Amino acid sequence: MASSKYAAAVLLAAVAAVLLIMAVEVAQGSYDDTTYYNVLPITRIGDPERVACSDFLGNVKCRGKRLTCPKQCPNRAARAGLSCFADCSPKCEATCKRRKINCQGYGAVCYDPRFVGGDGVVFYFHGKANQNFCIVSDTNIHINAHFIGKRPEGRTRDYTWVQALGIMYSSHNFTVAAKKVATWDETADQLLFSYDGKLVTVATAELSTWVSPSGDLRIERLTQVNSVEVVINKIMSLKVGVVPITQKESKVHNYQISSDDCFAHLDLQFKFMDLSATVDGVLGQTYQPNYQTPVKVGVPMPIMGGDHKYTSSSLLSSDCKASKFSPSNTASSSINSEFIKMITADCTSRGGQHGIMCRR
Ligand SMILES: *[C@@H]1O[C@H](CO)[C@@H](O)[C@H](O)[C@H]1NC(C)=O
């Protein structure tokens, strides 16, 4: 009798140990490097994830605080579109977020490229078809965009879209591109990735991820196909989606799209974590403190000019005139509190056609 009780206790302990190990494994994502927290082990599978915050860009307000994911979104990975966002900025809270590209939010580049600057000003930058332009250039990161497009009969300029991004940081390079597509099929994945010159495959399933060998870059699918989030350790995060030009859009804007190419292109939303005050590039410059926009605000299509400053010779070269890229200089840039406020502001609603409303 006593020995069978003992055996049962041992068995129970063993089961508990296995469950605990599984739970710990579940909780150890590859997230720790790319965020400002450490993931805490969970004791039971299904419990909301918990994190312990570290310093946020030198701000200690949330340091050491423990954040627990809400019941509605217990995991940091996206499930049914909702995921837990543990925010160790001075906000210091864990909330549910829909991980979608917000084309009206700060750092968005969508449509025929329509930008929303770090200053909240909306502008268009047309560039030219089949050329590359530096859109963000700072000491520790450089981002070029490859434009595709066409010039409809009787127009004086190219209609353009962003087809690919080339990103360089420290000694690494990364590209994300939309494949050329004739007819759009919603179920087919049209994203292509490369890391350090090699193609990268990310399984087409919700939640599937790819992490670079050194752990400094992570790709995570937001939906089964055609949308991902890319996080580069403590530098930036980027949501990317591929979308086609629809017949309706073509008609409304008179793009004159033919049936052999739907001009699959990227919708993008950047979030930067470590920009310097001298950041440049079409989009980057709008994150400078005290930036004065040259764009005519209040006209139907405010244009950012100066193509010649931003032209890059290839997708992965940092030779545009506006370039600030010098990756050997890894000294951390100075971050002011105004900037922290800016990147943690919540910009959901849209104030008229030319501005963004942000809750701080
Ligand atoms: C990208 O990185 C790889 C590996 O470091 C390197 O061999 C290649 O030259 C880089 N590509 C460009 C265009 O810089």
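Taking every alpha-carbon pair in the stretch 150-212 and binning the separations at 5 Å intervals from zero gives 4, 13, 18, 19, 17, 12, 8, 6, 3, 0 percent. Bridgeable lysines around LYS150 (alpha carbons under 27 Å apart, same-chain partners fewer than 8 residues away excluded): LYS128, LYS179, LYS180, LYS239, LYS248, LYS251, LYS296, LYS309, LYS321. When peptides 39-46, 180-187 are sorted by average Cβ neighbour count within 10 Å, with the highest value leading, the order is 39-46, 180-187. Here the gap between GLU249 and CYS103, fully extended at 0.36 nm per residue and compared with their Cα-Cα distance, gives a gain of 50.9 nm. Listed by chain and number, the aspartates and glutamates whose C-alpha is less than 17 Å from the C-alpha of LYS324, apart from same-chain residues fewer than 8 away, are ASP138, ASP274, ASP280, ASP307.
Distance from the C-alpha centroid of the stretch 71-129 to that of the stretch 248-321: 17 Å, rounded to the whole angstrom.
Per atom type, the stretch 186-316 shows carbon and sulfur on 54% of its accessible surface, probed at 1.4 Å. Ordered by 1.4 Å accessible area with all protein chains kept, TYR36, TYR310 run largest first as TYR36, TYR310.
Using the per-residue mean of other Cβ atoms lying within 10 Å as a proxy for protection, in what order, highest first, do the peptides 221-232, 317-328 fall?
Values: 221-232: 20.6, 317-328: 17.2.
Listed from highest to lowest mean packing, they are 221-232, 317-328.
Rolling a 1.4 Å probe over the protein chains gives MET168 an accessible area of about 20 Å². Annotation: lysines with alpha-carbon distance below 21 angstrom to LYS65 (same-chain offsets under eight excluded): LYS91, LYS97, LYS234, LYS341.
For the stretch 170-320, the relative contact order works out to 16 percent when only alpha carbon pairs closer than 8 Å and six or more residues apart are counted. Rounded to whole numbers, the Karplus 3J(HN,Hα) couplings from phi for the stretch 220-228 are 9, 5, 8, 10, 3, 9, 6, 8, 9 Hz, using 6.51 cos²θ - 1.76 cosθ + 1.60 with θ = phi - 60°, and x at Gly and Pro. Residues in the stretch 244-330 average 51 Å² of solvent-accessible surface per residue, probe 1.4 Å, ligands and nucleic acids excluded. Across the stretch 219-295, Cα-Cα pairs farther apart than 15 Å form 68% of the total.
The values are calculated or read from the model by the stated rules, or taken from the named source; none is laboratory data. Model, not experiment: these values are computed from the prediction. Cβ atoms come from the backbone with ideal geometry, glycine included; neighbour counts cover every protein chain shown. The protein model used for the area step is the full one, side chains on, heavy atoms only, and it has no ligands, DNA or RNA in it. Shrake-Rupley method; radii C 1.70, N 1.55, O 1.52, S 1.80 Å.
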